[in-house]
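Here's the structure, in structure tokens; my notes come after.
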Amino acid sequence: MSFLPALIKRSVPAKAGLVALMLSSLAMFQTAYAVGTVAGTDITNTATVNYTVGGVSQTPVNSNTSTFKVDRKVDLTVTAGVATTTNPGITNVGVIYTVTNTGNGTDSFTFAPTNQAGDNFDVTNLRIYRDNGTTPNVFDGGDTLIAAATPVSFTADQSLVFFIVSDIPL
């Protein structure tokens with residue numbers, strides 16, 4: 001049993017040296033920032049190496065310049081609004097959702113409301129309306145019906161409010 005503490009003591013400095021080497025190598029990497037960059041934008045990159053030999057600074061060395069285009073990121077976030085309370089037999093009940101294009105370019109999305117499978121309750125007359133802001137975030141006569149399979153265009157970072165409207169059966 002006396003050899004176990006000796007092994008532990010010897011392995012700690014070796015691990016510490018390995019960790020120090022790994023951390024120092026991480027310092028050489030620069031962080032790339034491209035979040036929110038518009039699709040199709042050219043990104044140009046040139047690396048420069050500064051080094052010393054025997055404590056004497058050497059002439060910096062530049063890499064070849066590399067250029068690439070930012071690719072399209074297609075992404076969408078759907079956020080439910082406040083809960084909707086209703087009663088049986090009520091028509092035109094709207095449930096609010098905010099849809100945000102979190103991609104980096106203009107994209108079109110198609111919405112299709114459907115009843116949830118596997119339960120014993122189905123609403124009828126499902127439709128989607130876009131909130132036109134007559135009374136913001138309130139389903140009213142000023143909102144636009146979105147026809148089935150009709151794409152809705154969103155610019156990057158644009159949020160739109162929609163209502164899924166249905167009739168509640170008895």
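The values are calculated or read from the model by the stated rules, or taken from the named source; none is laboratory data. This structure is a prediction, so every number in the text was calculated from the model and none was measured. Virtual Cβ from ideal backbone geometry, glycine too; neighbours counted across all protein chains shown. Heads up: the accessible areas ignore ligands, DNA and RNA and are worked out on the full protein's heavy atoms, side chains in. Shrake-Rupley method; radii C 1.70, N 1.55, O 1.52, S 1.80 Å.
Remarks
- With protein chains left intact and a 1.4 Å probe, residues in the stretch 58-170 average 64 Å² of accessible area per residue.
- Summary of packing: across the peptides 94-107, 77-90, 151-164, the per-residue average of other C-beta atoms within 10 Å ranks them, highest first, as 94-107, 151-164, 77-90.
- Spatially, the stretch 101-170 and the stretch 71-89 are offset by 8 Å when compared through their Cα centroids.
- Solvent-accessible surface (1.4 angstrom probe) belonging to T44, in square angstrom, nearest 10: 90
- Charged side chains reduced to their Cβ positions (Lys and Arg at +1, Asp and Glu at -1) give the stretch 116-170 a dipole of some 140 debye around its Cα centre.
- Shape call, the stretch 51-103: gyration tensor on alpha carbons, a/c limit 1.5: prolate
- Each peptide among 115-123, 66-74 gets the average number of other Cβ atoms lying within 10 Å of its residues, and from highest to lowest they stand as 66-74, 115-123.
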